[in-house]
1. Hey, residue C:13 hits all of (1) away from chain B (no Cβ under 11 Å); (2) away from ligand 1 (no atom under 16 Å from the Cβ); (3) surrounded by 20 or more Cβ atoms within 10 Å (Cβ to Cβ) but one; which does it fall short on?
2. Do you know which residues across region C:157-207 are surrounded by fewer than 15 Cβ atoms within 10 Å (Cβ to Cβ) and assigned to a loop (DSSP other than H, G, I, E, B)?
3. Among A:67, A:81, which is over 19 Å from residue A:305 (Cα atoms) and surrounded by fewer than 19 Cβ atoms within 10 Å (Cβ to Cβ)?
4. Go through the residues of region C:157-166 one by one and say whether even a single one is within 16 Å of ligand 1 (Cβ to nearest atom), free of Cβ contacts under 8 Å to residues at least 60 places away in the same chain, away from every other protein chain (no Cβ under 13 Å) and more than 27 Å from residue B:160 (Cβ to Cβ).
5. Go through region A:89-109 and give me each residue that's in contact (Cβ under 8 Å) with a residue 24 or more places away in the chain and either in a loop (DSSP other than H, G, I, E, B) or surrounded by fewer than 24 Cβ atoms within 10 Å (Cβ to Cβ) (or both).
6. State yes or no: is residue C:50 without any contact (Cβ under 8 Å) to a residue 60 or more places away in the chain, outside the structural domain of residue C:138 (by TED's automatic domain parsing), under 22 Å from residue B:179 (Cβ atoms) and within 16 Å of ligand 1 (Cβ to nearest atom)?
7. Find the residue count for region B:217-233, including only residues that are surrounded by fewer than 24 Cβ atoms within 10 Å (Cβ to Cβ) and more than 12 Å from the chain's Cα centre (by Cα).
8. Looking at region B:60-74, can you tell me whether even one residue there is within 14 Å of another protein chain (Cβ to nearest Cβ) and over 24 Å from residue B:169 (Cα atoms)?
Ligand SMILES: Nc1ncnc2c1ncn2[C@@H]1O[C@H](COP(=O)(O)OP(=O)(O)OP(=O)(O)O)[C@@H](O)[C@H]1O
Ligand SMILES: [Mg+2]
């Protein structure tokens, strides 16, 4: 009998210990919404982003929450459809979220932002990289991922450092990324003393770059560096045909080519330098993140978007701490806007003075012997970054 | 002059690939009156075929061969499973069926394989260039031209010399009378699909040499170009499909080579306008299909 | 008692709601020339196509050379020894004369092996085709095309040849030539079922005849009997 009382007593004690905790979570949780494309064309980006977000939420909650407040994550699939994004965003807003995370592409991110802007809910686009995105929506919209103009600045700085003076730029007007990133590069490169020999255009998916390559061969003087934001399948096709034609100028690319395909290109891709959002150097936060990720999910991160997703939650954490727990939209918004040097998985993030497009680390990598080799982590000077257009 | 020659070669290589693709569409259209929009997925299948056979440790040349054969087999199966049941239905039904096949294959690729591209290695040996006089010609380009020429020659010989080839031409001109003469209709149609599969496979290999990866959407753009080539050349005419492919290649390369920078953005619009212009004067295409003489 | 080669029993052909042939009964014995007469739209071509398995039967049966052929595929019918020279000649215009002939022998491996020999025979029978063997069929004259169409059907060495309006659209002297060929074919042992609009010519050459009107056989008999029973009335009635 006494034994039984002891058993029930323990159970009772557990219930009494947990109950107020549950109540506290219900009343005092920080609700973060994520409208993402977990199916459809955005799945390769938004799925890993969600994993990173989940990892951050779990780590913070386990450690007692943000200043004692637990995070409640409400994630919904918008099926990579812009119209659906607006509908889903409204549903999530109706559940009373205080912060929203928007999907990985400009159009659905804008659709989400238009809902949250009206509701005065600070919103962070997890991996859309167009720097004009916050300006398109309004003062509650923030970018998170390495912006195109930031990457371009890092690449231009690197090119000048290597002593390249005459650049060839290859762009495509098909997406803002493939068009503007090279244009930002050209702006910085020319402003700092380089010249742009020619700007060539391609159509995404065109496969055949023979006409463009022949034009490059005709250039006199020959360019000493080639810069492009092309990615699969255009980049592999381009660089093969470039090298086939005997053009040996070094090639600079952006994070779109941070993919196994680039490493498997063999001889032709040797020496290609490209930027991305981070490299896990020994002892770095990213290395630790990758280890935590593996421990939690039992697999290596499939893309850098896991880490940048994690970063978003760390930014929210820093902002909530800065407001002293005030979750009102305007207060949170101002707090994010003034964040400086927040430690995140990919390094550090600064919003202060950046018009809601973060200054963050850009990693430069080189293809060497079929491997991705780290060149440097750089944080461009904020004043060098060309204005978003 | 050298620039011109070089660009001419470029046009030849690109046009050749379009010609192979267009020919694949035209072979099926000529006997069945069907534009098979799932033709591009046959290219994609070649890519995945090469990817997986390489993974199994099959030597590279054999993997390429396997990729082409897989496309041929898939084309024949496609006809058996999807098109035969609707063979006597309206052309619209058949067209919609081909859209459905294309979409189903997309979804299967995305969900069973991956939405992300799979890398296909290309041997370094074929990446370089050879010098001819003062010109440098890419080996892949030469290979494209040579393979296109051999394929066209092979197909021409088949159609002209073999009874099955002659039967296919007969069926293309008058399907009912070909049947009346005892030509096996299923055999002819299966052969047409097998040929279209082989052509898609060969074009797929050339495409893969350039892009180095396969993804679910790989076949989408090429089949569109092939369709333009076929309409330009004259629906149902095999010669027309080849001519249409080469003309499309020439138009595209010349625009890219000679348009002033400011106008480059409009080059697709200009090239389609040129195509429409040709069709305005030759509504049946460059080589109109022969009507049977009564 | 001559062997019955073709026997058509209670055959019906329908195209949707249209009844093209109803309850047709017809027989052709080995060595005969039988003619099938009838006005435009009477159902003659439909009946021939049905025998060949080109259009499905809506009823009835067809036997050829002692075996049931209704329901089998066209190439089997050709292999058994029956071919049709279709109305309007329908040569393959983009194929050479020689290739057109080759298609005529496509129905079985046995026939394919004999292609060269059969072609030589056809060139003997139709010297004009020999001279034009490399020419595209679409460039032949109407009479030459009709000769090619007949020769193409003969490539499979048929026991029974179905001829659908071989005189259609040809000049009178060419028509005479074609009928001479038909007579010559009979002499070579080919049995013939001849569909004709030109009833006089057909009855001159035929052993027996049938008259089809509105999809039904309304008369049958020898040429003399058919002429006596007022063929013209039937034609007029059908119009
Ligand atoms: N494919 C078809 N679909 C629908 N109706 C058809 C088809 N072929 C023939 N018919 C119809 O069947 C009927 C018989 O046609 P058929 O061609 O057999 O006549 P015919 O006696 O050969 O005429 P003609 O002397 O003009 O050649 C006609 O009313 C015709 O309109
Ligand atoms: Mg008729």
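1. Of everything listed in (1) away from chain B (no Cβ under 11 Å); (2) away from ligand 1 (no atom under 16 Å from the Cβ); (3) surrounded by 20 or more Cβ atoms within 10 Å (Cβ to Cβ), residue C:13 misses just condition (2).
2. Scanning region C:157-207 gives C:169, C:171, C:188, C:189.
3. A:67
4. no
5. First, the residues of region A:89-109 that are in contact (Cβ under 8 Å) with a residue 24 or more places away in the chain: A:89-90, A:92-93, A:95-109.
Answer for region A:89-109, where residues must be in contact (Cβ under 8 Å) with a residue 24 or more places away in the chain and either in a loop (DSSP other than H, G, I, E, B) or surrounded by fewer than 24 Cβ atoms within 10 Å (Cβ to Cβ) (or both): A:90, A:93, A:95, A:96, A:97, A:98, A:103, A:104, A:105, A:106, A:107.
6. On the way: without any contact (Cβ under 8 Å) to a residue 60 or more places away in the chain: yes; outside the structural domain of residue C:138 (by TED's automatic domain parsing): yes; under 22 Å from residue B:179 (Cβ atoms): yes; within 16 Å of ligand 1 (Cβ to nearest atom): yes.
Against the criterion (without any contact (Cβ under 8 Å) to a residue 60 or more places away in the chain, outside the structural domain of residue C:138 (by TED's automatic domain parsing), under 22 Å from residue B:179 (Cβ atoms) and within 16 Å of ligand 1 (Cβ to nearest atom)), residue C:50 qualifies.
7. So the answer is 2.
8. Our first condition is that a residue be within 14 Å of another protein chain (Cβ to nearest Cβ); within region B:60-74, this holds for B:60.
Next, only the ones that are over 24 Å from residue B:169 (Cα atoms) stay: B:60.
Checked region B:60-74: at least one residue is within 14 Å of another protein chain (Cβ to nearest Cβ) and over 24 Å from residue B:169 (Cα atoms).
The values are calculated or read from the model by the stated rules, or taken from the named source; none is laboratory data. Remember, it's a predicted structure, so these values are computed and weren't measured experimentally. Quick reminder, even Gly has a Cβ in these numbers, built from the backbone with ideal geometry, and neighbours come from all protein chains shown.
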